[in-house]
Every structure is written in structure tokens, then in C-alpha cells.
Amino acid sequence: MTPFDPVLDALDAHHPVRARVRAALAELVLPHADEWERARRIPEQGWRALGDAGLLGMPLSGDGFTDSAILLEELGRTGYAGIRAGVAVHAFMAAHYLDRFGTPEQRAELLADVRAGTRVAALALSEPDAGTDLAAITTRAEPDGSGGYRLTGHKAHVANGSQAGFYVCLARLRTVAARPRSLAGCGFLLVDADAPGVRATPEPMLGWHSADVCEVTFDAVPVPADRVLGNPARTLTYLVESLDFERLAAGLLAAGGAAHCLDLLDGFVRGHHVGGAPLSANQVVRHTTADLAAELDLVRSYAHLAALRHARGRLDTRTASTLKLRATELAANAARACLQYHGARGYREGSAVARVHRDAAAGTITAGANELLRDLVFDTAAPS
Ligand SMILES: Cc1cc2nc3c(=O)[nH]c(=O)nc-3n(C[C@H](O)[C@H](O)[C@H](O)COP(=O)(O)OP(=O)(O)OC[C@H]3O[C@@H](n4cnc5c(N)ncnc54)[C@H](O)[C@@H]3O)c2cc1C
């Protein structure tokens, strides 16, 4: 019998985890997706259904992460980037901070609810004047005298913002030696969304409609000592590791998004006739489609390699940055070709092609703008 190969088998469309996840998303997400887009959020029962199906508690590390990589790709393949972002921020990107750096008590309390879909997680790092440059954050936490803090500041572009049960928040802690315009002196706090002084205001975006993106204001919010996450002296290390993980997840989601887009494109150019012949009878159309399909094969293979590296505890900044950079740019290029070859029917408000096009534009900005990722690729050596 051929031994199980996590990289090759993960590529297989008939992999049992892929079949199970795809069927679950087809049942639990796709019938409701347009309604969630209109509501600009995943509703409570949607979160619970995903939790009941085990899709919010898949492994964040270790060998089981290859199954999670399949889920992330399949979330991308739904063609709804807002839904994929909401779920991924909740079950992967924010959950990762808790899983890696939380105390056993924090993990037991909060991760159990995240997995069940009963408490939504959000990540509050960015601010109106601090996105790429997180060292410029001004949200500050004043000691309250009992080991806890009072948190004051303004966070921007927070996915799952209005329905979050808690935020993983980056802030300047006034108890730690600080250096101006540096992450020294910053730390992570777990902020309960129902604490006094928390206010979330929707920040409607061009795309990613179901992602519930919000501005979140903290006005002297009490944060008890047991809600400090990890050791603030290690904030930079936590952030680098977590951003690498976030970029791995974003790359897998975007690879799935690009695959969905190519399915739309390929089906259309073969079936749509102009001047009595299918569009694909034109060499330029065939070659554009083939170039995108070939690039997708390469990006998917690299995505699976990156997932495997993470599963083995060997994900590095160069690999995560390269994947996120290439996968999101492929998704944007595929969306542009898809719109062009669909003609006016793809430009119709509410069409799947229009949604893919506006959603893909966010991929090259979020989880680290792609210019920053190019700098990181330039500055780091390829893993040997
Ligand atoms: C849909 C969406 C969802 C988001 N969700 C979250 C979330 O849940 N939590 C959260 O904390 N944040 C979230 N963000 C914020 C996201 O992380 C930031 O948008 C991103 O880090 C870029 O920061 P910025 O938008 O402030 O752009 P800036 O840092 O102001 O940069 C503006 C632009 O300048 C260019 N640029 C930046 N650096 C360089 C460089 N070195 N060289 C050349 N050009 C450069 C890039 O093109 C960039 O887009 C979200 C954003 C979007 C759009």
C-alpha cells in the first residue's frame, strides 16, 4: 500500500477531510451566504452550526494542521471572502494567540467557547494610523493597581468587530519599559466585549461584507489581571510568530479563492459563445486562463508545503510572506481576468464575479500589505 503523504494527499480533491469539509460548507454556509453578505455578518446560529460541525476547533498546530489547511482552502473555495475571513480570524488567527500564549485557564475558558461558536473572537491590532507600522499604536493600558489595566484607545478595521465576545488587543502597557515608536512596552490583552467602555461601530467595506468589519473604541475599559495574555516582555516574538501564522492562513484562503475564481473563468470561457465560437477558441483567452491555472498549481503546492512546515513547527517568515504575497496577487489577477471575460454580466451588482473582484482587492492589503511582504522576502533567507 502506498504510504500516506500529507503533501500529495492534501492536493487530492477526493481526500476524505476535503470531502467532509466541502460537504459541510455546502450544507451550512452556501445556502445562507448571500443572506449573511446582506446582513454583513455571520449570524449567531451560523457560528453555532459551524461549531457543532467541528469546523471552529480544527488543529492550530502539529500534524493535524494539514486538515486545517484543507479547511482554509475550502473556505476560500466557497467564493465568499467575507465569510472565510470571519471564520479564519475567529478559529485561526485570533485563536492562535490564545492557544500559543494563553494560560491553561484562559485556554480552557475561551478556546472552548471559540470551538463551540458560542463566543466570537476578534483581533484588534490595527489603528487608524497604525496598520503596516504596528509600532505606531497609541492604544494604552494604565495599571489599575491590582495587576489589571484600564484600556483606552481606538482600533480600526476589526473583523467580527460588532459580534465579538472578546478581542485579542495590542496595547501600550504603562507597566513595561517603553521605547517610542517601538513595540517595546506593548502587550496583548484579552478584552471582554461586554466590559463597560467598549463600543464597536460598523465600518462598511467595499468587499468582505460578511466579515463585520468595525471600528472599536475602548474608553477606560477595565481589564483584570487574568486577562493579560502571555509575558509582555515577549510581545515582539509573539507578534512575529502570529503574523507568520496569519499570513499562512491568508495564503491558504486566497489559494482557495483563486481556485473558485478559475472555476468560474474556465466554465465561462468554454461555454460562452461570441461570433459563433466559444471564447476559448481565442488563443489569448486560452493562454490567459492557462497561465492563471499553472500559477494556481504552483501556489497550491507551495501552500501545502508551507502548511506542512507549520505542522512540523518550522514555519518561517520568508515562507509565510512568499505564500501570502503570491496567493493574494494570483487571486487578484484571476478576479480581473474573470471580470473581463464575463463582460457586462460579471460587472452586475450582486453577481458572483463582481463579488470575487471586489473581495480579492482586500487580500493584497490585509495580513500585511504586499509591499511589506516583499520587503520581508528581500530581507530574509530562503529556508534550506
Ligand atoms: C477587509 C479588511 C479586514 C481587516 N481586518 C483586520 C482585523 O481583523 N484586525 C486588524 O487588526 N486589522 C485588520 N485589517 C487591517 C489590516 O491589517 C491593515 O489594513 C494592513 O495592515 C495595512 O495597514 P493600513 O491599511 O493602515 O495601510 P498603511 O500601513 O497605511 O499602508 C497604506 C499602503 O501603503 C503601501 N505600503 C505600506 N508599506 C509599504 C512599504 N514598506 N513600501 C511600499 N508601500 C508600502 C501599501 O500599498 C499599503 O496598502 C483589515 C483590513 C481590511 C482591508
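Observations on the structure shown:
- Between the amide H of Arg119 and those of Val114, distances stay under 5 Å, these residues lying 5 or more places away or on another chain, with hydrogens modeled in the peptide plane.
- Helical content alone sets the calculated 222 nm signal of the chain at -15500 deg cm²/dmol, taking -39,500 (n - 2.57) per DSSP H segment of four or more residues and averaging over every residue.
- Here the 3J(HN,Hα) profile of region 306-315, calculated from phi with Karplus coefficients 6.51, -1.76 and 1.60 at θ = phi - 60°, is 4, 5, 5, 4, 4, 4, 8, x, 10, 5 Hz, Gly and Pro shown as x.
- Electrostatic dipole magnitude of the chain [Cβ: Lys, Arg +1; Asp, Glu -1; Cα centre; debye, to 20]: 380
- Angle between the chain longest axis and helix 352-363 axis [Cα atoms, degrees, rounded to 10]: 40
- Solvent accessible area, Å² - Thr237, 1.4 Å probe, full protein context: 70
- Rounded Å value of the spacing that divides the Cα centres of region 41-71 and region 82-98: 9
- Our coupling estimate for region 214-228, obtained by passing each phi through the Karplus curve with A = 6.51, B = -1.76, C = 1.60 and θ = phi - 60°, is 9, 8, 10, 10, 10, 10, 6, 6, x, 10, x, 4, 7, 9, 7 Hz, Gly and Pro reported as x.
- Rounded accessible area of Asp379 (nearest 10 Å², 1.4 Å probe): 110
- Accessible surface of Asp67 - all protein chains present, 1.4 Å probe, nearest 10 Å²: 50
- Residues with amide H under 5 Å from that of Cys214, placed H, sequence gap 5 or more: His157, Val158, Ala159, Gly161, Glu203
- Overall form of region 121-233 per C-alpha gyration tensor (a/c, 1.5; a/b vs b/c): oblate
The values are calculated or read from the model by the stated rules, or taken from the named source; none is laboratory data. Owing to the predicted nature of the structure, the values given are computational and were not obtained by experimental measurement. No Cβ is skipped: glycine too gets one built from the backbone with ideal geometry, and neighbour counts run over all protein chains shown. To get the accessible areas, we keep the full protein, side chains included, count just its heavy atoms, and leave off ligands, DNA and RNA. Shrake-Rupley method; radii C 1.70, N 1.55, O 1.52, S 1.80 Å.
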